[in-house]
Every structure is written in C-alpha cells, then in structure tokens.
1. Based on the alpha-carbon gyration tensor of region A:3-93 and its eigenvalue square roots a ≥ b ≥ c, which shape applies: rounded if a/c is under 1.5, prolate if not and a/b is larger than b/c, or oblate?
2. Round to a whole angstrom and tell me the spacing of the C-alpha centers of region B:44-81 and region B:484-505.
3. What does the charge count near B:Thr261 come to, summing +1 for each Lys or Arg and -1 for each Asp or Glu among other residues with Cβ under 11 Å from its Cβ?
4. Give, as a single signed number, the net charge of other residues whose beta carbon lies under 14 Å from the beta carbon of B:Glu161, with Lys and Arg counted +1 and Asp and Glu -1.
5. Taking R0 as 60 Å, what's the FRET efficiency between B:Arg542 and A:Ile82 from their Cβ-Cβ distance, rounded to 0.05?
6. Sum -39500 (n - 2.57) across every DSSP H segment of at least 4 residues in chain B, then divide by the residue count to get the 222 nm mean residue ellipticity, nearest 500.
7. Using the 10 angstrom Cβ neighbour count as an exposure proxy, how do B:Glu214, B:Glu407 rank, fewest first?
8. Using unit Cβ charges (K, R positive; D, E negative) and no other charged atoms, how large, in debye to the nearest 20, is the dipole of chain B about its Cα centre?
Amino acid sequence: MSLYGYLTLAALVFAIGLFGVLTRRNAIGILLGIELMLNAVNINLVAFARFRADVAGLVFTLFTISITVAEVAVGLAIVIAIFRVRRTVEADRLDLLRG
Amino acid sequence: MDLGVRAPLLVLGLPFAAFLVLAVVAPLRRAGRAAGAVSILAAAVAHVAALGVWRDGARRTATWAWIPADGGPMATVGLLVDPLSSAMLVLVTLVSLLVQVYSLAYLGDERAPALGRYYTYQSLFAFSMLGLVLSPSFVQMFVFWELVGLCSYLLIGYWYERPSAARAAVKAFWITKLGDLGFVVGIVMLWGATGTFEFQALFTKAQEHALAIEGLGTIMFLIYLGAVGKSAQFPLHVWLPDAMEGPTPVSALIHAATMVTAGVFLVARAQPLFALTPDVLTLIGWVGAFTALLAASMACVEGDIKRVLAYSTVSQLGYMMAAAGAGAAYASVLHLLTHGLFKALLFLGAGAVIHVVGTNDIFRMGGLFRVMPQTGVLFIVGTLALAGLPPLAGFFSKEAVLAGVWEARMTWPFLMLALTAFLTAFYMFRVVFIAFFGRALAPGHPHEAPWLMRGPLWLLAVLTVLVGLRLGLAGGDAHHGPGWLAPASVALALGGILLAWATYQRGVVDPARLAGTFPLSLLDFLARRRYGLDALYDGLYRGFILGFSRLIGWIDRYLVDGVLNFLSAWTLRAGDLVRRIQSGQAQDYVYGVAFGVLLLFVWAQWWRR
C-alpha cells in the first residue's frame, strides 16, 4: 500500500468527521466528529513517519493522542455543564449568540 | 510714567473702578441708590480731574506696548491728551455726572436692583467714552468704539421687558455694526498699507507726504462708514429715533451729547488723513448736509417730543459732519461741544416734562408753562440755543459751521444747511408752543419736577448762556464768514420761530392747510412715512436676510441632514441584513470556516499559478 492510500484514507476519515461536526444535532455527536478528524490527522502523521523514516511523526502522534484525551475530558465537562443549565444538548437550541 | 499722564489716567480709571466695584459687589449693586452714589462720586471726581487736564492744556501722550510682534509691538494702548480730547473729556464727564444725578430722581421709582444695573452700565459707558476720546491709535479707538456701542445697546434696552425697547436696542446695535464693519476693514487696510495704527505716526507720514498710498480714498471712505453708523448719518440714521425707547437721561447722555458724536470726533481726530482725500471729504460734507435737511423735515411732522429731539440730534450731527467735510474741523468740534450742552439740556427738560405728564405726545401736553415755569424757561433757553439765536452757544457754533461750509464753496450743502436752520427753529418752537403754551390740558396734576432734576437743568442752561457769552466776547475766531452771514442766520431762525408762532400759537396759518398745499403735501406725506427708509430696511431684512436664512435652512435641513439621514438609515438597514449571518450556532460558524478553507485551497490550486 502506497503513501497515497494512507493519505486518501486519512482524507476520507477527516471528511466524515467534518460532516459529523457540521450535521450532528447532539453535542456529543459533534465531539465524536472532532475525534474522527483528529484521528485522521494521526493517520497522516504516522504514514509520513513510516514512509519518510522520520520519528518526529510518531512523537507528534503521541502528543496528539494525549492532548485529545484532555480535550475530550474538557469537552464532555462543558457538555454536562450546558445540560445542567439549559436542560438540553441539542446544538440547534444553543444559540445565545444569535445576532 | 510722567506726572502729566496721571490726571487723564485718573479720569479714565475712576468710572472703570466704579464699574468694577458695582459689577463685582452684588449687594452694593442691588442697593440701588447706594450704587448710584458710587457711580456719581466717581463721575464727579473724574470731572474735577478732567477740568484740571483741560486747564493744563498741555499735549501729552503715553503708550504701552500691547500686541507684541517681531520688530516692535504691533499695537499699543495709551493716552493722547490734546485740546480736542481734553475738551471732550470735560464734556463727557460733565454730562455724565449731571445725567447720573438727574437719573436719581427720574428713575426714583425703579426697583433697587434695576437702578443698580443702570448705574453699573452708566459707569461702564463713561469709561468707554473717555477711553475712546483718549485713544492714541485706531485699534484702541475701535475697541472703545465697540464698548460704547455695547453700552448704548444695554441702556436702550434698559426696560427690556418692553418688546419695543428690546427691538430698538437690537436695531441700534445692528445698524451701527453695519458701519463698524467698514471701520474695522478700513483700519486694517490702513495698517496693511502703512504698518501702523498710531495717529501720531500716521499724521507725521501725512505731513511728510509719505502717505501717497494707492486706495487711500477707499480706506478713508471705509473708516468714514464707521462714523456714518455711529453718528446716525443718512442712510444709517434710522436707529437713532428708535433708540428713544431707552430712559430719557440715557437719550440725553448717549444719543445726544456723547456717543453719537463719536463719529464726528473720529473725523475730527483723523482730519490730517481725511485732508489727503478731498473726494471723501466732499462726500462727508454732502451727506452731512443732506442728513441735516432730511432729519429736520421729519422732525417737523413728529408728535413724540423725544423723537423730535432725536431727529434734531440727527440733523445737528449732519451739521457737524458737513463742517468736518468742508475742512472746518474747528467749527465741527465747537458745534459738537455746544450741541452737547444744549441738547442734553433739552432732553433732560423733556424728561422733566415726561416725568410729570406721563406721556411723550406733545398734543396731549399744553399749558405747561403755567404749572412748571422753571422747566419752561430752561427748555426755551435750550430751544433758542438750538435755533441759533445770539448770545447763546448754539448761535456761534452754528454760524461757524455755516461759514466753514460757505468758505469751502459748497453752495448746495450751504443752502441745505440754511434751510435746515429755518426748519430747526420752526420745529423746536412748534414743540414749545404746543407743549408749553398750547390750549390743550395736560392730564393729571402737573407740577414742577424735583430739585434733583431741576439742578442739572439749571447748570446746563447757565453753561449754555455762559459759553455763548464767552464765544461772543472772544469773537474773531469763528467769524471768518462773510458779513451778511450772522444777520442772515438770525433772520432764518426768527423766520422759523415766527412761522411756528403764527401757526401753532395765533392760529393765523392752519397747519393742516399748510401741509396740504402742493409741494409741502408731498413732503408731508413722505416725512410722515420717514421717506420709506424704515420700510425699505424692513423689506430688505424680510426679503433678503430672512429669504437667505430660509434658503440656508432648507439646505441644512434637506441637503446636509438629508445626506446624513440617508447614510445612517442605510447603515441601520444593512446592519439588519448582515445581522442574520450571526445565527449563534457554532456549527454554522464551523461550516463557514470549512467553506473558507476549501475556497483557499481552490484558490491556491488554480489562481496562484
């Protein structure tokens, strides 16, 4: 499998994630979409590390995974806080900033 | 500072000090009569000092730098004492003092704060007029010129609750401003051409024939315009009769004896400069003579005693200007001084009559000589002086004016002035016969005015006689004219008196029929309508200024504001439209960002090549 295969896979996963972020109505679904996009990036990094024989890609990936964990923790905490205040996590209803 | 300058400085400083005290110490001002005492005291001491300056007779100047500039100060302030200004000092302080004493009784019924305000203005006026007289430069003169204009405005509008008084004050202010505009432009142009405002420097240049500037005629004409406004010359004379809305003592001081003569004083002061422009001088003479005749004709049909005196003042100012225009500055100033005395006398006498009768209309007075004989005698003395009968002061100064105009070979102005002399005697004795000897009965119970009012009248009358005798004994000086002039002018005055006597006393001539015969009927018609000048100014004001204001108003409302309103309305509407983009939903924003990034990619792929 060539580098392009991996890159294509990553692009597909990224697009699916973005689609999820844009279309899911549930806040948790949006978080899942973000996870997908981050993992698409990870695939890219790992693929480049392999094909270019460069360890930096792997190091970046490790960092990304650990930061993603923190991000999910904070994100879920925010979702819970919103739920407590607004009694909903529907993205359509969260429009306090509407002009 | 040398010693000799202290006395004139004292004359100038005392009224100013009184003004400052009255303006700052409010309880004193509200006390009314106490404020009057302060102001009168200052005027009295100033008068004594002015007499000292006059007797000293020396010519003194003192200047202090005012506006600093490279290469010497641009303008100075100071004092210029010479026979002209010291004589004016005496006149101004004397009339000012007498009028202030007289006002204590005349305005005795006023509320105390209003009386205090009156005396504050009076002190300010005395200071301004004295400053004008003592000015050694055009700039300082202009500053004080405006100050006396301000005081005139304030004092005409003393009874500001009356709409007519408020309007008259504004009218006087604006019409004199029209002339002042010419004055200020003139002195600035003169400065541009010569680099100095100082009279002394300018006169020296004039003597050395170093003033052959192009456009000097225009400059002097513009400066003369200031005098036209202030001294109520045709066609800007319309404000003076209206100024009679002020209290009578104010009319006596400002609109007869002092401020209105400032224009004559200006022409006399700048005589060496005017002498270089004979055309302007001729114009001054013609306008003066015409003003004299025009005002005299209007005085003949006027029924308000103060307005008769006001027109007569305009007429006599015309006399002074005609003399100045004929190059007889001496006669002009002499007439200014004597006129100041007897016109103040006449106004204060009229004030005494108005005070007890309570009306200005001469046809509602009558038989006053029996009830107030002292006032009657004094008023007749003033009238005789104004008519120009010897040995009163008016005779000599008027004859000097006529002689000066005759010598200058200005035949037509001379004839106009001679006719004016006849008319003057006529209209003044018309007032005397109707008001003091008429058969109509004055309303109420008229009685002699209080002593506080009669005292100044007596003093002025005695001075009028004494100055006349003094001039008569001194002789010589004024008698340059041809020998027939003195008898002729007396004959004219007597003729006027005789006509008035025959018309209004004996009833030999019916005034209505006299006014009905052909050339006179036309004149009567015109004079009663003030030759349409007031209507003309009114029309100009309404048509021109109000029309212009409306146009400006329309432009402001619909063009300037319109553009702004259009912009603001569209800003609001655009904001309303664009606001919809902000949906408040994070997903929409992410969509926008993603779409933007996509666009960037496309752009990077296709357009960057």
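Every number in this text was worked out from the coordinates using simple rules, so none of it is lab data. Remember, predicted model here, so these are calculated numbers, not experimental data. Cβ atoms come from the backbone with ideal geometry, glycine included; neighbour counts cover every protein chain shown.
1. Numbers: a/c = 6.96, a/b = 1.97, b/c = 3.54.
In terms of gyration-tensor shape, oblate.
2. Answer, in whole Å: 45.
3. Numbers: positive: B:Lys230, B:Lys343; negative: none.
Charge balance near B:Thr261 sits at +2.
4. On the way: positive: B:Arg111, B:Arg117, B:Arg162, B:Arg167; negative: B:Glu110, B:Glu245.
Net charge in that neighbourhood comes out at +2.
5. Working: r = 73 Å, r/R0 = 1.22.
E between B:Arg542 and A:Ile82, to the nearest 0.05, is 0.25.
6. Values: 28 runs with 437 residues, N = 609.
Rounded to the nearest 500, the figure is -23500 deg cm²/dmol.
7. Details: B:Glu214 8, B:Glu407 16.
Neighbour counts put them in this order, fewest first: B:Glu214, B:Glu407.
8. Details: 40 positive and 30 negative charges, 220 e Å.
Dipole about the Cα centre, nearest 20: 1060 debye.
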